[in-house]
Amino acid sequence: MLELRNVGFEVKDESSEQAKEIIKNVSLTIGENEFVAITGPNGGGKSTLARLIMGIEKPTSGQILYKGQDITDLSITERAKLGIGFAFQQPVRFKGITVKDLITLAYGGKLSISEACQYLSEVGLCARDYVDREVNASLSGGELKRIEIASILARKPEFSVFDEPEAGIDLWSFQNLIRIFDRLHKEMNGSVVVISHQERILNIADRIVVIAGGEVLTQAASEELLPKILSDSLGCLYHKDAEGLSAYRKDGE
């Protein structure tokens, strides 16, 4: 469904005025109706890769294809119209836009208050307390995260990318998040890519991709790779990161 072909991304290092490679010749395919978890040490390029998929950043080399179409030069809006959805690690705030407005925009048509409330309820928010609130600084990071996920449910994208969705949310919300991923993946027949360190998210994925130093170090079915990650038998792959495998957290930690 989505394919990265020899994708590279570099930025100018202001201290040395030389190019610094963030993503190095990455080739990766995400299949139709596949749930892929991308993990690895902090600073390894995971979030950058997610931003490249959505078009927030543009590759300096290589191609990105979606359903066989080259989308390398397409904008965020154009990719969204093709059915790609994205949830930020730190959700965007929109002063002057209510929660109902945001969900209605995501839905792409007329949406009643009761329908908007249903999406909010699915992410564990009391709808009547949020539907008329502005998506601004009055909301906590966890509240914004859940509202953003509600908007993705309303949009029903064929391909969803979540950048560390567990960040800033409580344990109850995290448990609910697992159910939402399962729904997007199975009930809506969509492909899901999640950037995460969380053991339970890695466990429910079809496949785990490990990225470090801007490269794909290994990938395999979750049941094959997760035990190796948890047992630290892949520790040699993480020497570039001081935290190593300590980045992997169990629920609620």
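The values are calculated or read from the model by the stated rules, or taken from the named source; none is laboratory data. On a predicted model such as this, the values are computed, not experimentally measured, just so you know. We place every Cβ from the backbone using ideal geometry, glycine too, and count neighbours over all the protein chains shown.
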- Task: Please go through the stretch 105-134 and pick out each residue that is free of Cβ contacts under 8 Å to residues at least 40 places away in the same chain and within 19 Å of residue 175 (Cβ to Cβ).
- Result: 119, 120, 121, 125, 126
- For the stretch 3-54, how many residues meet the condition of being among the basic types (Lys, Arg) and assigned to a strand (DSSP E or B)? 4
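If you go through the stretch 175-202 one residue at a time, how many are part of a loop (DSSP other than H, G, I, E, B) and either free of Cβ contacts under 8 Å to residues at least 40 places away in the same chain or among the hydroxyl-bearing types (Ser, Thr, Tyr) (or both)?
Selection size over the stretch 175-202: 2.
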- What number goes with the only condition from (1) surrounded by fewer than 17 Cβ atoms within 10 Å (Cβ to Cβ); (2) at pLDDT 90 or above; (3) out of contact with any helix residue (DSSP H, G or I) (no Cβ under 8 Å at 6 or more places or on another chain); (4) charged (D, E, K, R) that residue 46 does not pass? (1)
- Could you please tell me which pairs satisfy a Cβ distance under 7 Å, a separation of 6+ or placement on different chains, a first residue in the stretch 135-147 that is closer than 16 Å to residue 166 by Cβ, and a second residue that is among the small types (Gly, Ala, Ser) and surrounded by 13 or more Cβ atoms within 10 Å (Cβ to Cβ)? 141/168; 142/168; 142/173; 145/168; 146/124; 146/173
- Query: Say we look at the stretch 49-78 and pick out the residues that are polar (S, T, N, Q) and free of Cβ contacts under 8 Å to residues at least 40 places away in the same chain; which of these is farthest from residue 196 (Cα to Cα)?
  - Reply: 69
- Query: What number of residues within the stretch 18-43 satisfy the criterion of being surrounded by 15 or more Cβ atoms within 10 Å (Cβ to Cβ) and without any contact (Cβ under 8 Å) to a residue 24 or more places away in the chain?
  - Reply: 0
- Item | Unique match (being at pLDDT 90 or above and surrounded by fewer than 17 Cβ atoms within 10 Å (Cβ to Cβ)) among 58, 12 | 58
